[in-house]
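Here is the structure we will look at.
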Amino acid sequence: MDLTRTSDEIRARLDAKSAAREQGLTASRQAIRHCANSIRAVHRKEMDLARELRGKAKESLDHARGSMKGYPDIYYAGYLQDAEKEYAEACSTAALIEGQEVPSPEEMGVGDAPYLNGLAEAIGELRRHLLDLMRHGEVERGEGLLAAMDDIYYVLISMDYPDALTGGLRRTTDIARSIMERTRGDLSITLVQRNLQRAISEHQERLAP
């Protein structure tokens, strides 16, 4: 029995698949790195740089998809979906902080599960931005962001589907809820302190000769 031809054909297919996997994995990692740097730029108010980095992330995602398109088992292995989630988080964070509409999954070009998990993780980035606003006395803007976090949360809890379909969304949503509760508490304390300070100042003005 001579299996030389069969083994050569199998080896050729596996070589091609392995190359596609490496290209997809590398491109996915690049996309994740660009997304993280984009979010960092948003917090630094470097919006042009943030948009440029999101553009690079999208290019990397497109390359990853193209590389693995013919191999469903590696296409859906998870690392491409992780990159899509990070991209959704970067796009959502930028939109919410800039006061814009959050793009849809179709507009971002990502799957539903990565999109929802990206939205959930954006809540953590909104908390970071909200705390910065409170430190600078921009409490009203903080209230608007908290309302946006609430809107996201209500969408997340409405997705009552198995984790196999949502990519573990239930756990991500639980984490988002705890972040929101802490943020609401921090904002409430800040509002009480501000109102008390205003009341004291007004009282002192009335008592002044």
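The values are calculated or read from the model by the stated rules, or taken from the named source; none is laboratory data. Since we're looking at a predicted model, the values are computed, not measured. Don't worry about glycine lacking a Cβ; one is built from the backbone with ideal geometry, like all the others, and counts go over all protein chains shown.
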Every listed condition ((1) without any contact (Cβ under 8 Å) to a residue 24 or more places away in the chain; (2) in contact with a helix residue (DSSP H, G or I) (Cβ under 6 Å, 6 or more places away or on another chain); (3) closer than 29 Å to ASP186 by Cα; (4) of a type outside the set (Ser, Thr, Tyr)) holds for ASP151 save (2)
CYS91 fails exactly one of (1) surrounded by fewer than 17 Cβ atoms within 10 Å (Cβ to Cβ); (2) closer than 20 Å to ALA120 by Cβ, namely (1)
Exercise. What do you reckon, is ARG128 of a type in the set (Lys, Arg) and closer than 21 Å to ILE175 by Cβ?
Worked result: yes
When GLU84 is run through (1) exposed (fewer than 13 other Cβ atoms within 10 Å of the Cβ); (2) under 15 Å from the mean Cα position of the chain (by Cα), the failure sits at (1)
All-but-one check, ARG54 against (1) touching a residue at least 24 places away in the same chain (Cβ under 8 Å); (2) over 30 Å from LEU145 (Cα atoms); (3) basic (Lys, Arg), failing number (2)
The residue that is modelled with the lowest pLDDT, considering only those in the range 135-160 that are outside any helix (DSSP H, G or I) and surrounded by 13 or more Cβ atoms within 10 Å (Cβ to Cβ), is GLU138
Checklist entry - Do we have any residue at all in the range 27-44 that's over 19 Å from the mean Cα position of the chain (by Cα), farther than 24 Å from ARG128 by Cβ and in contact (Cβ under 8 Å) with a residue 40 or more places away in the chain? => result no
PRO103 passes all but one of the listed conditions (1) over 26 Å from GLY185 (Cβ atoms); (2) in a helix (DSSP H, G or I); the exception is number (2)
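Rundown of residues vs (1) over 25 Å from LEU130 (Cβ atoms); (2) among the aliphatic types (A, V, I, L, M); (3) in the same structural domain as ALA50 (by TED's automatic domain parsing), yes/no style:
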position	(1), (2), (3)
ILE74	yes, yes, yes
GLN81	yes, no, yes
TYR87	no, no, yes
ALA90	no, yes, yes
SER104	no, no, no
LEU116	no, yes, no
